[in-house]
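The values are calculated or read from the model by the stated rules, or taken from the named source; none is laboratory data. Note that the structure is a prediction, hence the values are computed from the model and not measured. With ideal geometry, Cβ positions are generated from the backbone for all residues, glycine too; neighbour counts draw on all protein chains shown. Just the protein is used for accessible areas: all its heavy atoms, side chains included, with ligands, DNA and RNA removed. Shrake-Rupley method; radii C 1.70, N 1.55, O 1.52, S 1.80 Å.
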Amino acid sequence: MTSAPSGLILRSTSGAAYRFDPGALCLELLTTGGPGPYQRYEVLREPADVRAWAERSRLTPTPELAVSAAEVAAVRMLRDALFRVVIAHIRGEPHPPGDLAVINEAAARPALAPAIAPDGSRRWAGTPGGTALAATVARDAVELLTGAHAHRIRTCAAEDCHLVYVDTSRPGRRRWCSMEHCGNRHKVRALRARHFEEG
């Protein structure tokens, strides 16, 4: 249902663009905002915002979505529940039951259905809505949290970064959301510290 990882283009607080590949569709949704302190990053306010996120996501091709205002709220609710469950999972804490119920209810609904177009290309069947998109994301979350990489879900090692990713690298030693962003910042700081010590 999803394509090979390509990564999202995010912007740092300084405005610099960088590529971030969280490794899973459900974790891509966590870049759109979240509960509590992450509300200030909210970008899913209207149907067009959900469609824009789907276009940036790893879903291929981009689904032609008919999203209602109620479905926007439902996608946000799923995202916030997923955020809390993933953080609890990373910390080794019990998954919040209410949030698990939100994810499981979304996953139980009909998801995006792949189809073959007359020209032989891939497409999505019908005109799916936000509910089908949420179901697809929720099912991806179930697969991730119960699958072979469940123990590799991590947060970026930078103190001021809270991006979540699944480490799909063979050695399993990924520390940063992005080497070109937080990884590079760490290298620059380490280099400066070394020069300071040598000076």
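Observations on the model:
- Residue pairs meeting the criteria (Cβ under 8 Å; at least 6 apart or on separate chains; first within 18 Å of G34 (Cα to Cα), in the range 45-63; second open to solvent by 40 Å² or more (accessible area, probe 1.4 Å) and of a type in the set (G, A, S)): E46/A69; P47/S68; P47/A69
- Count of the range 107-131 residues which are among the small types (G, A, S), assigned to a helix (DSSP H, G or I) and in contact (Cβ under 8 Å) with a residue 40 or more places away in the chain: 1
- Residues satisfying the stated conditions in the range 72-90, i.e. open to solvent by less than 30 Å² (accessible area, probe 1.4 Å) and in contact with a strand residue (DSSP E or B) (Cβ under 9 Å, 6 or more places away or on another chain): F83, V86
- Residue check, R154 modelled with pLDDT under 95 and either closer than 28 Å to E46 by Cα or open to solvent by 100 Å² or more (accessible area, probe 1.4 Å) (or both): no
- Among the conditions (1) open to solvent by 40 Å² or more (accessible area, probe 1.4 Å); (2) part of a helix (DSSP H, G or I); (3) modelled with pLDDT of 95 or more, the only one that V50 does not satisfy is (1).
- Per-region count, the range 91-113, residues touching a strand residue (DSSP E or B) at 6+ places or on another chain (Cβ under 9 Å) and open to solvent by less than 20 Å² (accessible area, probe 1.4 Å): 1
- Of all residues in the range 114-124, those that are among the hydrophobic types (A, V, I, L, M, F, W, C) and surrounded by 13 or more Cβ atoms within 10 Å (Cβ to Cβ) total 1.
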